[in-house]
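The values are calculated or read from the model by the stated rules, or taken from the named source; none is laboratory data. As the structure is a prediction and not an experimental result, all values here were calculated from the model. Here the Cβ positions follow ideal geometry from the backbone for every residue, glycine too, while neighbour counts run over all protein chains shown.
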């Protein structure tokens with residue numbers, strides 16, 4: 001089983017998935033774990049394939065969710081989206097104030113709740129949405145009056161009432177190469193030396209896995225996150241400039 005562990009957190013995750021599967025089998029009822037990030041989903045799928053268990057589903061509250069809940073289901077039972085213990089909260093505030101994904105996550109963590117009960121955070125001007133586990137929604141509604149210094153009104157809303165949200169900005173860059181240190185330096189305005197230190201300190205993740213190699217090659221579709229600074233997706237890798245620099249387009253989360 002150690003083949004599935006890249007770090008101690010993977011071992012904890014596999015134990016949760018194993019217990020969830022056991023409860024599902026024992027009680028003949030669905031059991032859920034998460035929210036999970038992309039790396040945790042990959043680890044879970046590999047483990048369950050090894051266990052020859054396929055009666056499961058991932059769902060995050062919307063299509064193409066970044067963070068999802070794992071659900072184990074009894075054989076023959078319908079694996080419907082509505083069965084997942086997920087709620088969506090709307091946060092309304094004056095549109096002249098600018099809030100970020102980091103502002104929302106910091107405020108929620110400040111309430112003492114764990115990261116795995118919070119799913120996607122969709123930030124918009126004046127109204128944002130946060131997907132959470134059912135068992136913390138009332139606590140968040142009761143305890144949240146501000147995000148940062150901005151007053152907010154929090155309430156539960158229906159999934160179908162979520163307004164379209166552009167949750168990222170697009171930027172075009174050129175880089176010397178697709179090495180991780182080049183990407184970090186260019187996108188977040190760090191020197192190459194500073195970027196290397198951040199990476200070697202484990203503060204940079206690629207596809208939800210901490211990477212400490214500055215020479216890691218980044219590809220189109222990869223997600224890169226710098227702790228405390230945000231997350232990007234490499235949405236397109238184009239051709240070379242006349243000076244031989246690599247063109248790329250990134251989506252930067254708000």
Collect the residues in region 84-112 that are surrounded by fewer than 16 Cβ atoms within 10 Å (Cβ to Cβ), in contact with a strand residue (DSSP E or B) (Cβ under 7 Å, 6 or more places away or on another chain) and at pLDDT below 95, keeping them in residue-number order. 97, 105
Against the definition (touching a residue at least 60 places away in the same chain (Cβ under 8 Å), assigned by TED's automatic domain parsing to the domain that holds residue 24 and surrounded by 14 or more Cβ atoms within 10 Å (Cβ to Cβ)), how does residue 69 come out, yes or no? yes
For region 234-253, does any single residue satisfy the condition of being touching a helix residue (DSSP H, G or I) at 6+ places or on another chain (Cβ under 9 Å) and at positive phi? no
Okay, strands (runs of 3 or more DSSP E) sitting entirely in region 152-206 with 1 or more residues that are more than 15 Å from residue 229 (Cα to Cα), I get 153-157, 168-175
Hits in region 83-109 - residues which are within 16 Å of the chain's Cα centre (by Cα), more than 14 Å from residue 128 (Cβ to Cβ) and not in a helix (DSSP H, G or I): 86
Any hit, region 140-147, residues being surrounded by 14 or more Cβ atoms within 10 Å (Cβ to Cβ), under 30 Å from residue 248 (Cβ atoms), touching a residue at least 40 places away in the same chain (Cβ under 8 Å) and touching a strand residue (DSSP E or B) at 6+ places or on another chain (Cβ under 8 Å): no
